[in-house]
1. Which order do C:VAL219, C:VAL329, D:VAL6 fall in if you start with the one that has the fewest other Cβ atoms within 10 Å?
2. From zero outward in steps of 5 Å, how is the percent of C-alpha pairs of the range A:1-71 spread across the bins?
3. In sequence order, what are the phi-derived ³J(HN,Hα) couplings for the range C:166-178 according to the Karplus relation 6.51 cos²θ - 1.76 cosθ + 1.60 with θ = phi - 60°, rounded to whole Hz, with x for glycine and proline?
4. Could you work out the helix-only [θ] at 222 nm for chain B, with each DSSP H run of four or more residues adding -39,500 (n - 2.57) and the total divided by the number of residues, to the nearest 500 deg cm²/dmol?
5. Output the Cα-based Rg and Dmax of the range B:117-245 in Å, rounding Rg to one decimal and Dmax to a whole number.
6. Under a straight-distance cross-link criterion of Cα-Cα below 19 Å, which lysines are reachable from D:LYS14, leaving out those fewer than 8 residues away in the same chain?
7. 222 nm [θ] for chain D, helices only, -39500 (n - 2.57) per DSSP H run of 4+, per residue, to 500?
8. Evaluate peptide C:79-85: per residue, the Cβ atoms of other protein chains within 10 Å of its Cβ; return the mean as an integer.
Amino acid sequence: MMDLFNILVTESFWAASLRIASPLIFGVLGALICERAGVLNLGIEGIFVVGAMCGWMAVWLGAGLWGGVLVAALAGGLFGLLHAFLTVPLGLSQHVSGLGITLFATSVSYFTYRTALPNVSSPPRIEPFQPMDVPILSDLPFLGPVLFQQTALTWLALLMVALVWYVMDRTALGVALKAVGDNPDSVDAQGLSVYALRIWAIVAGSAMMALGGAFLTMSAFDAFFFGMVNGRGWVCIALVIFASWRPGKALLGALLFGAFDALQVRLQTEMGALVPGQVFLMAPYILSIVALVIAARSADYPRALLTPWFKGQR
Amino acid sequence: AEKLKVAAIYTLPVEQQWISRIHKALNTAAERGDIEYSFSESVANTDYERVMREYAEQGMQLIVGEVFALERAARKVAKDYPETAFLMGSSFGPVAPNFSVFDNWIHEPSYLTGMVAGAATESNLIGMVGGYAIPEVNRLMHAFMDGARAVNPEVKFLVNFIDSWYDPPKAKESAFAMMDAGADVMYAERFGVSDAAVERGIKAIGNVIDTSGDYPGTIMASAIWHMEATVDKAVSQVAAGTFEAADYGQYSFMAYGGGSLVMDESLVDAETVAAVKAKETEILDGLFRVNVNDQRPVSDN
Amino acid sequence: MIRIEPRENPSRAFALGIPVLSALIALALAAIPLLAAGANPIAAYGQMLKGVFGSVFAISEMLTRATPLIFTGLAAALAFRAKLWNIGAEGQLYLGAMAAVAVGSGLLDISGVLLVPLVIVMGAAAGAAGMVAPTYLKVRFGADEVVTTLLLNFIILIFLQMMLEGPLQDPMSLGWPQSAPILDQGVLPPLMDRMRVHSGLIIGLVLAAAAQFMLVRSVWGFKLRAVGENAPAARHAGINVNRSLFGVAAISGALAGLAGVSEVAGLKGYLTTDLSPGFGYTGIVVAMLAGLSPAGVVIAALFIASVFVGADSMSRAMGVSSFLADLVVSMSLLCVLIGGFLAKFRIERTGRRGAKA
Amino acid sequence: MTDTKVLKLNGLSKRFGPVVANDDVSLSLNRGEVLALLGENGAGKTTLMNMLFGHYLPDAGSVEVADTQGSLQALQLGHPQAALAAGVGMVHQHFALAENINALDNITLGSEPMLSLRRNRQAARAKVEELMARSGLTAPLDVPVGRLSVGERQRVEILKALYRDARILVLDEPTAVLTPQEADTLFASIKAMTKDGLSVIFISHKLREVLAFSDRIAVLRHGKKVGEMPTSDADENMIATLMVGAETPKVTRQAATPGTPLFSLKNVSVSGRSKRDTLNDVSVTVHANEILGIAGVSGNGQTGFANLVSGLAVPSNGTLHVHGEQIAHPTPAAMIEAGIGRIPEDRHHEGIVGAMSVAENMVIERLHDPEVQSRGLMRREAIQANAERLARSYDVRGPGTDAPARLLSGGNIQKLILARVFERSPRVILANQPTRGLDMGAAAEVGRRLLEARNRGAGVILISEDLDEVLGLADRIMVIRDGALIEAPNRNRTQVGLMMAGEPA
Ligand SMILES: Nc1ncnc2c1ncn2[C@@H]1O[C@H](COP(=O)(O)OP(=O)(O)OP(=O)(O)O)[C@@H](O)[C@H]1O
Ligand SMILES: Nc1ncnc2c1ncn2[C@@H]1O[C@H](COP(=O)(O)OP(=O)(O)OP(=O)(O)O)[C@@H](O)[C@H]1O
Ligand SMILES: [Mg+2]
Ligand SMILES: [Mg+2]
């Protein structure tokens, strides 16, 4: 118990939590945007891969770090557009389309990577985002190391939380997005296009998801590996429900998951001899389910989630 | 002479450290003009048997791969294609007439890198991040730990497995956690660990591949696996028509050039360098045998 | 502006022709990655056909690949019919496999007549438990089953690793995380000499037929459909919605568990952590392609298996990256989805302003 | 009244597959006029208005709308945006409100620039408040719409249209869910606004309000316009005849003597999640040969009461007896078993499984009946025969008994449910808003069936917001308010209406 306490008060633990949470923040915000508009995007896992691969490849080809971020977002948006096309005007099953996009995006990324680099035995590396050492702030006790030694992409993630919150809560666009996910007819009757709103929401959300992937290859690491997304996208799908589709809670959920994960590593190292290591690996997932069970009753779903809408039909 | 047709079947992408060594040896042979090389990577175990049969049907003369998860099935296939030579990473023995086995027996250089690490640690705490706790990994970790304890009886270890072959960000986080707990030398079994070491400015020990070029000033020593000895031996035997079922494991030993130690002598103190070299000679001369222990290693506390 | 109108009387040939056509279009699209990798597409298609139908071996391999997909496809199809979104077939598959090796690999040394059914029943029961638990969380707490079943996949996989390093580990495995093999008398017998296709396929086909019959003809199927299509109305009409949900959850989980049994007792013999290359997830795709019809699941599973086995074999013959196989499968899936849509609806272009007279 | 035209529909036609919903319909509207659009269920009223508003694209025809100067301009079809810009506002038959955002946001939705980062909420609020003051239609602006009552939602819908400066307001069955008083207030407000030049088309099945509030009447039948006249020239009979092409028989209730108690509640409370499904200490007895009418403003506990009788809600205290036997654990199955037939309020969501066939929906409440199943298998021939028979005797019309039930029109769905319920000769019948949204013919049919059941000895509980319906059918009237049931002292329309609104009788 003393150990646990010691871990929880260290700065490096919280810095690690935020670092681990960063890609999840992008992912859960992306999922949030799509689902607020009424469309489940199970393509997220594949879109993470695309973001990781394209962002990294762009930097490797000389596009520069921010160029890579942009390329990742565009690539994610492109796959989002495909999902949007299948699920919005065509109204196909969102589950299947999403899983199809995941398979498609993953295999396109892998195939492209291998075709471009047929004979590497160790993946080429790029110069990734470095922790930003903000002169005075970084030296603040506690907060300094936790917040001010993160990379620019972590800051972008936090900025995105604020931005998504602002758009959802304070702008006409946000209101329309929420409305289209609750009752598309309400939007249609006010002369707005249900299709356009949903399509753009999915594109934007997918671009956001791709940034989560890009974080992995451009900030958390400096090269692309097969399989490195490792289920992070799926975790976001769980977190968005935990977050009741609210950006602030999404941040909280991602941080909690990050903290569980950071804790898990530390506990496994310390107590690995007493308990099988897997117990700790499971912990973040089990705790997510527990959190969901606690939060479930209060979660109010976007009512139109999973339901396609066609103009002029009832 | 006619080029030998060789196929390899990997269950993971060729970037995976272990596989990359086989891939490299085969590519070298292909470049030399000895063989015509094709491969399938990321083959699911479910599909592995089919791929073996397909290659055998295509008339491949030598098939290389790893059959740890399908030892029996693979031997069945070999029996069905007696004309084809099989050289497979395996925990079990060879089967006559055509099924040979190998494994990455680089516990010897691992022991030596352990000596380097044991001498280098000031906190007497060494961190080790692994993928899965499989014998191939456990064995090297134990050899490393034995080496470190041999030079530093005080040393303790933190051990962590991330249950993934490919999650460098996760491996990196594990490494950070160990450094937070006081580890000042890292055993880098996975990609990601050395990166964490670089960021915190501490030293690391490499495994299987030589990454010192990627992390100059960080990697003190690495235990390197060379598949060339194994592959070349098998290729020449198939070409000569003398291929037999045999355990090629020994070709990964240092004595055959299958395992070696690389050391960045600028990072290691002279006394240790000397001790390590002496031990290396002992091993090469057959005077010292490194213990083999396949159990899952755990942290000391 | 476009409008989407249901087709009034799609002809049978049309309804069958469109999916076939879309599969062909998907294959045509596969030329893009082939050309990018510098391979000749025409030769590739030949190799692909050969890889699936070129020999008895090829066909038997395709059937082997299709077998688990029939089980997981049925698992998804039945649950989805009740609008119970079971995304956890992957985890349930492993639960079934774990139970199968737990009882089948030496715990009980009994004759095959008893052992085979026991392995099957235990595997099914374990899979069922894996779906009943999240269903309970849904019914009792309102916890969304998409999320819980998805997360359970991770948990079960980690649990599996733990079991294979612990109680289920084969003492003879030299430390490898794998189970002891199923006893010889517990193995599902192969269907053909020297081929891998095994009697799990027969079980799958029988269950598909049974599921189809039950869904269409039985009171159970009636209730299931009613609950899925409109749960409030079903409840109002006196149908015990929760009981129906638990029932279908158990059956769905059991089917996924049987996929694990079939793989481990029919094919591999023992259990490792990579028994399934995502059969659980592919099962969802199979089920949806089949329009959630059990009979259709069989066809869709054969289709997906053919495309994969064909493309995989082709990638080897053409010397292009083996990731091509998944790429071709995913493209076929997307094209067939769109094709299925076009078979049911037509898209009309309408004038941007005003109406046509 | 001026005679300047503000709207002309010219020869609009629309087909849905084989159904001709509108066939060459022309219509015009004058400034400041209230036009009532009448017709049976499915006559094409909503479709016509949806074409005007741009939801549907006509197959043929055109629309002209007067601009602010008063000259008629062709309207771009198929674009609600264009209709809104031209000053056409529409209040839909089914609410088109997003429940997760508040009324103010619902009202301003689509009127602000989408990509702007700032919103002028003060100005919007001021304008809405001014509109509320002027029209007398008020609603809370800051709570999510999901928490508003139906009446409030209806007013939000109208405010939405007015906010867009609608000069032409289309109201599709705006009073279907309102109490008579609410309806009267609504029409009074609308009438007042026509003085300022607002022109109105409204659709209704309630002839009383049509005759009271409209200036002119247009009647559709099978998609064609079959008549048009000033309201002053019309009377109920004549309109009804125009609508159905024949005279509809009137339903008349003859007095009957109540028999033995069939259903009783003693001090029953139900704790629900909202006011709608909460009951406080309710005691009531329904006898054989009796129709008990429960009047009340929607949201006062009707849902709780209906859930209780349907077996969906469990009483937190009190006892429930059916035919003298106590039912300790009410479930829908137990209630069906006890002989209670239920006609649910929401026929689409609780009454039928739309994706299943008409025949299947007809047996869904008796799956254990050996006539329907044997040894766990459905008896298809018997089910089919049953469906044919019921469809004939209850006049369920539609694409056939094999077709999915969702394809039936609302009226026919209701007939399907009636068939299913009455077929079992239930001892007690719960009819919750049984004629909501039905045309006169269909509504009369429901009334006739309920009376018939009562005459054969059943006890009927009729829950309705339509006071006229309650007055016309019920032998005894109670009013539900705040989850409590109060006996009405007499059958005076005004007095019962006041009781519903919460004023002392
Ligand atoms: N979206 C649609 N798809 C198919 N058919 C439709 C659609 N909308 C309307 N219809 C058809 O058009 C006919 C007219 O329907 P409409 O809703 O206009 O009737 P209505 O006069 O408004 O009836 P009610 O009084 O019940 O509201 C219906 O009988 C129906 O067959
Ligand atoms: N999604 C649909 N697809 C095809 N036809 C439909 C669809 N929805 C409705 N219809 C057709 O519309 C007709 C009328 O539908 P609608 O629901 O408007 O009936 P209604 O008489 O207006 O009932 P309500 O009282 O609910 O308004 C039905 O005959 C039905 O065939
Ligand atoms: Mg209608
Ligand atoms: Mg209507």
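1. With the sparsest Cβ surroundings first, the list reads C:VAL219, D:VAL6, C:VAL329.
2. 4, 14, 14, 16, 16, 13, 10, 8, 4, 1
3. Working through the residues one at a time gives x, x, 8, 5, 6, x, 8, 7, 6, x, 5, x, 8 Hz.
4. My calculation for chain B gives -12500 deg cm²/dmol from helical runs alone.
5. 16.8, 57
6. Cross-link targets: A:LYS311, C:LYS356, D:LYS45, D:LYS224, D:LYS225.
7. The per-residue figure over chain D is -9500 deg cm²/dmol.
8. Per residue, the average neighbour count from other chains is 1.
None of the figures in this text is laboratory data; all of them are computed from the coordinates on show. It should be emphasised that the depicted structure is a prediction, and the values quoted were computed from it without experimental measurement. Cβ coordinates were reconstructed from backbone atoms using ideal geometry, including for glycine residues, and neighbour counts include every protein chain displayed.
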